[in-house]
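Please treat every number below as a calculation from the coordinates, not as lab data. A quick note: this is a predicted structure, and the numbers were derived from the prediction, not measured. Positions of Cβ are backbone-derived with ideal geometry, glycine not excepted, and every protein chain shown enters the neighbour counts.
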């Protein structure tokens, strides 16, 4: 009615207690001619709510899913696959998927042997995705150890038996060690 009376969207929004952009979106979403009808708009919104969603790009029965699984099987990461699909089919956006879509397709797969097999193809084959951490933030590795400068003077002189000094040198990936 207010639209028919040529009221502004801001005036309608103020009267209804809504933001003007909400009113604007509602009118654009339901452009019934010759005027906006709230009852028809509500009916249409309910129909759309129950309408089936768009088909997933990586449904298990699709050809694209089979291509992705084969690339995973030969050792490609989801990031590499996503980039490769764009170069294989440059003009066909329906054949492009993001690495996140690949992960979701694998982890959303129902339980069973095939899901375990798909997860085993990932580089993180334990089923856990790598965490995104800040590489420049390092935690203190040995916070409980005291500084060598804080030792008592009699220990620093090493005159009393039992006041020894030693070091532990750890090898690559903590696989070996040398005590001195």
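Structure summary
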| read-out | value |
| --- | --- |
| Sites residue 53 and residue 117, calculated FRET efficiency, Cβ-Cβ separation with R0 30 Å, nearest 0.05 | 0.65 |
| Cα-projected label distance for residue 98 with residue 166, points at 7 Å along beta-carbon direction, nm | 5.4 |
| Residue 27 paired with residue 108, simple spin-label distance in nm, labels 7 Å along Cα-to-beta-carbon | 3.6 |
| Gain upon complete extension [residue 18, residue 73; 0.36 nm per residue less C-alpha separation] | 14.6 nm |
| Packing rank of 12-21, 77-86, where each peptide gets the mean count of other beta carbons within 10 Å, highest leading | 77-86, 12-21 |
| Gain on full stretching of the segment that runs from residue 87 to residue 150 - 0.36 nm per residue minus C-alpha separation | 16.6 nm |
